[in-house]
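Everything below concerns the one structure shown next.
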Amino acid sequence: GFGVHGDRGYAWTAFAAGDVAGAPPTGSAFVDAVRELARRAGVDPSPLDVELSEDERREESARRRREDLLSTFHAVSLDALRSVGETAKTYLLGRGFTEEAIEDFGLGFFSTREDMRKRLLARGFEREDLDASGLLSDGRWEGRLVLPYRDDRGRIRTFVARDASGKADPAAKYLFAKTKASGGMADGPSEI
């Protein structure tokens, strides 16, 4: 991307797509923007025309399902904070957060494993996807705040659960989801 002095940064792909102030394009619009950037730079864009192998398609499909699940889990945790997370919300307000800051930071709440499972199943995910994700595997997450852990592009890669009761062992104040961007298990953010 590029920056304008005194303003924010802009994505080259958004510029090439004709919407410099908008969000960078995704999907086929992203590929079209990359083609346009290649054309302007005098670079051959024909490698973009290569068809994906069946394995690559499966991997891409699994990656998208995984990103959908993480994004939906975050949305569900936000809803849980609004609907059943009064204790956690009171904790945050007592720590000086405003209602707006809670929303802006994207803080969520992990009610119970069963409640979170029901909320995710209602959004169209299968039990197998939920079990494989590891998001519901740690019972210590119940009653904790949920914070998304994002990569440098802003994509959610895993989550951190923070104790809001003040009763957790100091070593367990923050718990990392045992998830990995590829869908496997990991021990925390150093492995995502």
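The values are calculated or read from the model by the stated rules, or taken from the named source; none is laboratory data. Everything quoted here is computed from the prediction, not taken from an experiment. Here the Cβ is made from the backbone with ideal geometry for all residues, glycine too, and neighbour counts use every protein chain on show. Heads up: the accessible areas ignore ligands, DNA and RNA and are worked out on the full protein's heavy atoms, side chains in. Shrake-Rupley method; radii C 1.70, N 1.55, O 1.52, S 1.80 Å.
Overview of values
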{"item": "Count - residues of the stretch 153-177 that are among the β-branched types (Val, Ile, Thr) and either open to solvent by 70 Å² or more (accessible area, probe 1.4 Å) or touching a Ser or Thr at 6+ places or on another chain (Cβ under 8 Å) (or both)", "result": "2"}
{"item": "Tally of residues being over 21 Å from Asp152 (Cβ atoms) and in a helix (DSSP H, G or I) across the stretch 1-13", "result": "0"}
{"item": "Criterion: open to solvent by less than 40 Å² (accessible area, probe 1.4 Å) and at pLDDT 95 or above - qualifying residue of Leu130, Leu135, Leu145", "result": "Leu145"}
{"item": "Of all residues in the stretch 136-172 being in a loop (DSSP other than H, G, I, E, B), in contact with a strand residue (DSSP E or B) (Cβ under 7 Å, 6 or more places away or on another chain) and of a type outside the set (Gly, Ala, Ser), the one that is nearest to Glu56 (Cα to Cα)", "result": "Asp151"}
{"item": "Where a residue in the stretch 160-176 is closer than 17 Å to Leu81 by Cβ and its partner, wherever it lies, is part of a loop (DSSP other than H, G, I, E, B) and not polar (S, T, N, Q), with Cβ under 6 Å and at least six apart", "result": "Asp163/Lys173"}
{"item": "Some residue of the stretch 75-87 being surrounded by 11 or more Cβ atoms within 10 Å (Cβ to Cβ), of a type in the set (Val, Ile, Thr) and under 17 Å from the mean Cα position of the chain (by Cα)", "result": "yes"}
